[in-house]
Amino acid sequence: MTEDRSCNSRTLDSSTILLLNKWQDNMKRNLVVSLAIISAPLFHAIAADRKVSQEPVEVKIARALSAGPPQVTADATVAEPAEKGELHILRQGRNGWTCLPGSNSIIGDPPMCEDAVALQWNQDREEGKPHPTTSVPGIEYMLGGATQRSDTDPHDMSSPAIKIGPHWMILWPFDPKTSGLPTVHKDSGAYIMYAGTPWAHIHVMGAP
């Protein structure tokens, strides 16, 4: 399931770079937004019936921080989903990023680091909204790898797990036709996951 099923690797196009620049211009605003988001109920679908893990806090923090690059994790908040869809803060940060330790026993729940926009994007998806409510691209890191059910269907809950290597994501509904990016899983380069759905986004394999 994880073999390279693509053609040649492609680099990000100019429109992607422009969107990244737009994301960077909004980082100060995102920091303010993130403080409000962190205090709100999040990841309701995953966390509604979850109790806080009994693992040592330092173990959970280390796993969460393994997901992002040092410039993100150094001052990131570390949190985990708790009961009633809330976030339990393990370490307070100050740079607008949130890292979550995930669970090794749950498919689709890997360690991750997200900016405020990505946090909102994931909240929208977990709450079952028809599309993201975000207005700028979000950035999410999974440098420890991940497991998922499908590259094409965001609602697939039954297919066998697909193992994904280290990657990061640009959470924005890119169009394969205008971006020139493939829509099939790749072990290198970039591709669009969930193409043609409101939850389409770019997977960039490897560390940035």
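Just so it is clear, none of the values below were taken in a lab; they were calculated from the coordinates. For clarity, every value in this text was computed on a predicted model and none was experimentally measured. Every residue, glycine among them, receives a Cβ derived from its backbone with ideal geometry; neighbour counts consider all protein chains shown.
List of remarks:
- Selection count where residues are farther than 22 Å from Pro208 by Cβ and in contact with a strand residue (DSSP E or B) (Cβ under 9 Å, 6 or more places away or on another chain), scope segment 109-125: 1
- Count of segment 144-161 residues which are within 16 Å of the chain's Cα centre (by Cα) and of a type in the set (A, V, I, L, M, F, W, C): 1
- Here the strands (runs of 3 or more DSSP E) wholly within segment 86-135 that include at least 2 residues being within 29 Å of Pro160 (Cα to Cα) and touching a residue at least 12 places away in the same chain (Cβ under 8 Å) are 98-100, 112-114.
- Residues in segment 122-151 that are surrounded by fewer than 16 Cβ atoms within 10 Å (Cβ to Cβ) and farther than 25 Å from Gly85 by Cβ: Gly145 only.
- All conditions but one from (1) assigned to a helix (DSSP H, G or I); (2) under 19 Å from Cys99 (Cβ atoms); (3) hydroxyl-bearing (Ser, Thr, Tyr) apply to Tyr141; the one that does not is (1).
- Residue within segment 162-170 that is under 16 Å from the mean Cα position of the chain (by Cα), part of a loop (DSSP other than H, G, I, E, B), of a type outside the set (A, V, I, L, M) and farther than 24 Å from Leu87 by Cβ present: yes
- If you go through segment 176-196 and pick out every residue that is of a type outside the set (S, T, N, Q) and in a loop (DSSP other than H, G, I, E, B), you end up with 11.
- Lone qualifier among Met157, Met169 - being surrounded by 14 or more Cβ atoms within 10 Å (Cβ to Cβ) and either under 30 Å from Val59 (Cβ atoms) or touching a strand residue (DSSP E or B) at 6+ places or on another chain (Cβ under 9 Å) (or both): Met169
- Subset of segment 189-199 [surrounded by fewer than 14 Cβ atoms within 10 Å (Cβ to Cβ) and out of contact with any His (no Cβ under 8 Å at 6 or more places or on another chain)]: Gly196
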